[in-house]
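The values are calculated or read from the model by the stated rules, or taken from the named source; none is laboratory data. The structure presented is a predicted model; accordingly, all values stated were derived computationally and were not measured. No Cβ is skipped: glycine too gets one built from the backbone with ideal geometry, and neighbour counts run over all protein chains shown. The accessibility values were calculated without ligands, DNA or RNA, using every heavy atom of the protein model including side chains. Shrake-Rupley method; radii C 1.70, N 1.55, O 1.52, S 1.80 Å.
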Amino acid sequence: MMGKIPFFLFFFTPFYAFFFWILYSRKQYTYIEHMVFIFHIFSFTFLVMLIFTLPDLILDTEFFTAMLFLILGPLYFYKALRNFYQQSRLLSIIKFAFLSIVFTIGFTSSAILFVILNAAIY
């Protein structure tokens, strides 16, 4: 399942960009600019995941990867939203929370769909 995470994220990027486009409709960004921003966030996540894999393999834990998804990833996502869209802290936090929920629901539903399809094909 972990090997399919990049597929899920990049396959559903247009879906996520749609929510960015709705939330930031008052800004003068195009749909494609939102997609590029999302690719930036995903690229950061994959790069840090790659870097954090080495200490996890050496120490035989998943501590660093867990810290990426629990602390560093959300913090970077919030800071990137605030910096790119130039909005207040409160508005950025509200939109960050909404987009995080959308990401979680999208990823969970796509993972369930993937498992069901694999079970049906097997």
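If THR104 passes every condition in (1) polar (S, T, N, Q); (2) part of a helix (DSSP H, G or I); (3) surrounded by 13 or more Cβ atoms within 10 Å (Cβ to Cβ) but one, which one does it miss?
The number of the failed condition is (3).
Check SER92, SER100 and return the single one that is closer than 30 Å to TYR29 by Cα and out of contact with any Pro (no Cβ under 9 Å at 6 or more places or on another chain).
That would be SER92, the only listed residue that is closer than 30 Å to TYR29 by Cα and out of contact with any Pro (no Cβ under 9 Å at 6 or more places or on another chain).
PHE96 - would you say it is within 18 Å of TYR16 (Cα to Cα) and open to solvent by 40 Å² or more (accessible area, probe 1.4 Å)?
Details: within 18 Å of TYR16 (Cα to Cα): yes; open to solvent by 40 Å² or more (accessible area, probe 1.4 Å): yes.
Spelling it out, PHE96 is indeed within 18 Å of TYR16 (Cα to Cα) and open to solvent by 40 Å² or more (accessible area, probe 1.4 Å).
Answer yes or no: is there a residue in region 40-47 that is in contact with a Leu (Cβ under 6 Å, 6 or more places away or on another chain), under 23 Å from TYR85 (Cα atoms) and either touching a residue at least 12 places away in the same chain (Cβ under 8 Å) or not small (Gly, Ala, Ser) (or both).
yes
Take the residues in region 16-27 that are outside any helix (DSSP H, G or I) and open to solvent by less than 70 Å² (accessible area, probe 1.4 Å); name whichever of them is nearest to TYR78 (Cα to Cα).
As a first pass, look at region 16-27 and keep what is outside any helix (DSSP H, G or I): 24-27.
Going one step further and asking which of them are open to solvent by less than 70 Å² (accessible area, probe 1.4 Å), we end up with 24, 27.
On the way: TYR24: 15, LYS27: 18 Å.
That would be TYR24.
Give the number of residues within region 28-75 that are of a type in the set (Ser, Thr, Tyr), in a helix (DSSP H, G or I) and open to solvent by 70 Å² or more (accessible area, probe 1.4 Å).
Pass one, region 28-75, residues of a type in the set (Ser, Thr, Tyr): 29-31, 43, 45, 53, 61, 65.
Then keep just the ones that are in a helix (DSSP H, G or I); that gives 31, 43, 45, 53, 65.
Retained after the next criterion (residues that are open to solvent by 70 Å² or more (accessible area, probe 1.4 Å)): 31.
The qualifying residues number 1.
Read through the list (1) under 28 Å from VAL115 (Cα atoms); (2) modelled with pLDDT under 90, then give the number of the only condition that SER25 fails.
(1)
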